[in-house]
Each structure stands twice: as C-alpha cells, then as structure tokens.
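These notes are about the structure you will find just below.
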Amino acid sequence: MLTGFLFVLPSLMYFIFVFLSPLLLSFINSLCKVNLMLGSRDFIGLKNFTNLLSRDYFWSSLWITLKFVVMSVPMMIVVDLFVANQLSSFTGSFGRLLSTISFLPFIVSMAAAGMVWDWILDPSLGLMNALLGAIHLPQPLWLRSPDSALYSTLLITLWIRAPFGIMILVGGIQNVSPDLYEAASLDGVTPFQRFFRITLPLINPQLVMVLTLETIYAFRAFDQIYTSTGGGPSGATRTLMIYLIKDLFNSDYGMASALTVLMLIGMFVISLLEQAFLRKKVDY
C-alpha cells in the first residue's frame, strides 16, 4: 500500500498545490477584504458578493458571457458532429492524415491564435477583407466594431476549439459496431436516418462530454478574446473573465475572488444539469 501511495504522491501533491490550494484560498478571500500590499486579510462576510452584484459592469459582463455561451456551444457541437461524421468515413492512411490536419489548430497557443486572427480580421490590412474585396463582397469591421466584435471572437473560438471535440466524436463514431450500419443499409435506411437513429444515440456519452467541456470553456474564455479585442470595442467583448482579470484582480482582490467563486458554482451546476438530463446509458 505504501508503494502505491508513493507512486501517486507526485500527482497528488501537484493537484493539492496547483488546484486545491488556490481553490480554497479563493473561497477564503471571497469572504475577506484583502490588501495584497500589506498582506492583510479581514473577514467581512458576504460583502464582496453584495458589492459585486450591485455593479453594472458585472451584469453587463454576465450578459455578454451568456450570449457568448449560447452562441458558441451549439455552433461548436454542430460543426464537431458534421466534421467528425465526415472524417469517420475515411479509413487508412488518408483518414489518419485528415484527422491529424484537423487537429493541428488545437495545439496552437490560444493567445497566439488570438493575435494571428486579430491580424487576419484587421479591416484595413487583414487577409480576410482582402479576399472579400477581391470578389467584390462587403468588408466588415470584424473585431473593430461593437456590433460584430463578439461574433468575430466566435469565429476564432471555433477555429481553436473545434478540433478537440472532433477528435473525441470521431473516436465515439468509430466505436459504433459496423454491423449496425450494415443491417441499416439492408433495411434501406438513408444516411440521414442512419446518423440520427444510430450514430447520434450511440455517441451520447462522448457528445455530452464535449458539450459539458465546451460549456465550461465558453464561460471562462479569455486568451483569444483578450489578445484580439482586450474586451473592446466599447466593452462589447467584456466577458466575465475579461472583467475579472482587467478590472477586478488588481483593484479589489476580494471581489475578484467572489466572482471566481460565483463562476465556479455556476459552471458546476450547469455541468451537473447537463450530465443529469442529457447523458444516457449506451449499449453498443
């Protein structure tokens, strides 16, 4: 038993110091007035939460975050399902090559991807508007307009995150027994019916996992938004994470911890609801 404990000790220590300790510290700080310069921490109860909930910036950031989640997660799931279903039809070396190519954007740093897409979507010098202008199509302001900035960050997020879900769903689809598809073909089932009656129900565990992870990510999306828009223009992309890092972390550490706790509770509840209502037992 001691030998087994020593084997897991490095991972356990990493979890305690990197995840558990900061989490507990955030809960403690959310109930205190914290002065980082003096190193003081005075208990004030729920005052940080009440002050946070009374700020207009919090509610506007929450609304922007919810819009981002509601738009990005369904879009991500639809794209992941479509691409994964197409990729799973290719086998052999060519199929592995396509899967590798589709996964490449996921290994790019999110901050770097945000900077690159900021250049691509630049209204004056960007590649996207140059291509649109070459075929005489309208050239939007993309990230520079309050009306289109949030939608433009969805494009960046889709490019970064889609490969992750695609690879998980490809694995799920490839685990479905070929005998089921063969029997469906003999019964004259159309590809559309085969996907919705066989494939989709049988990849439910993978699909719910992708849905849960993408929902959590959408709530805490930061890197690509910060490097491409910085929360602008005019606060159009000031999500909760942007508000937390830019406006609260340096000015009010206790209130920043309170927002962290609220976000953690919200994501935990949403994840539980998704698992409880959407995940189904699957027999292959």
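The values are calculated or read from the model by the stated rules, or taken from the named source; none is laboratory data. What you see is a predicted model; the values in this text were computed from it and never measured. Positions of Cβ are generated from backbone atoms using ideal geometry, with glycine treated the same way; all protein chains shown enter the neighbour counts. Quick note on the areas: whole protein, heavy atoms, side chains included, nothing else; ligands and nucleic acids left out. Shrake-Rupley method; radii C 1.70, N 1.55, O 1.52, S 1.80 Å.
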field: Selection count where residues are outside any helix (DSSP H, G or I), open to solvent by 90 Å² or more (accessible area, probe 1.4 Å) and in contact with a Pro (Cβ under 9 Å, 6 or more places away or on another chain), scope region 122-145
entry: 2
- line: Looking across region 171-221 at residues that are in contact (Cβ under 8 Å) with a residue 12 or more places away in the chain and part of a loop (DSSP other than H, G, I, E, B), the single one that is farthest from LEU259 (Cα to Cα) is SER177
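Applying the selection to region 217-250, what residues are open to solvent by 50 Å² or more (accessible area, probe 1.4 Å) and either within 14 Å of SER271 (Cα to Cα) or aliphatic (A, V, I, L, M) (or both)?
Residues of region 217-250 open to solvent by 50 Å² or more (accessible area, probe 1.4 Å): 220, 223, 226, 234, 245-247, 249-250.
Matches in region 217-250: ARG220, ILE245.
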- request: Starting from region 1-21, keep only residues that are under 28 Å from VAL261 (Cα atoms), then list their pairs with residues that are of a type in the set (Phe, Trp, Tyr) whose Cβ atoms are within a distance under 9 Å, requiring at least 6 positions of separation or different chains.
  value: LEU12/PHE5
- prompt: Quick one: what pairs do we get from region 260-280, first residue over 14 Å from LEU213 (Cα atoms) and at pLDDT 90 or above, second open to solvent by 70 Å² or more (accessible area, probe 1.4 Å) and part of a helix (DSSP H, G or I), C-beta under 8 Å, 6+ apart or different chains?
  reply: VAL261/PHE27
Residues that are touching a residue at least 60 places away in the same chain (Cβ under 8 Å), open to solvent by 80 Å² or more (accessible area, probe 1.4 Å) and among the hydrophobic types (A, V, I, L, M, F, W, C), drawn from region 29-54: LEU36
task: Residues being out of contact with any Lys or Arg (no Cβ under 6 Å at 6 or more places or on another chain), over 23 Å from GLY95 (Cα atoms) and surrounded by 13 or more Cβ atoms within 10 Å (Cβ to Cβ): count how many of those fall in region 171-204.
output: 2
- request: State which residue is modelled with the highest pLDDT when the search covers only region 76-121 and only residues that are open to solvent by less than 30 Å² (accessible area, probe 1.4 Å) and not in a helix (DSSP H, G or I).
  value: LEU121
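Would it be correct to say that LYS67 is open to solvent by 30 Å² or more (accessible area, probe 1.4 Å), modelled with pLDDT of 90 or more, more than 26 Å from the chain's Cα centre (by Cα) and among the charged types (D, E, K, R)?
Numbers: open to solvent by 30 Å² or more (accessible area, probe 1.4 Å): yes; modelled with pLDDT of 90 or more: yes; more than 26 Å from the chain's Cα centre (by Cα): no; among the charged types (D, E, K, R): yes.
No, not satisfied.
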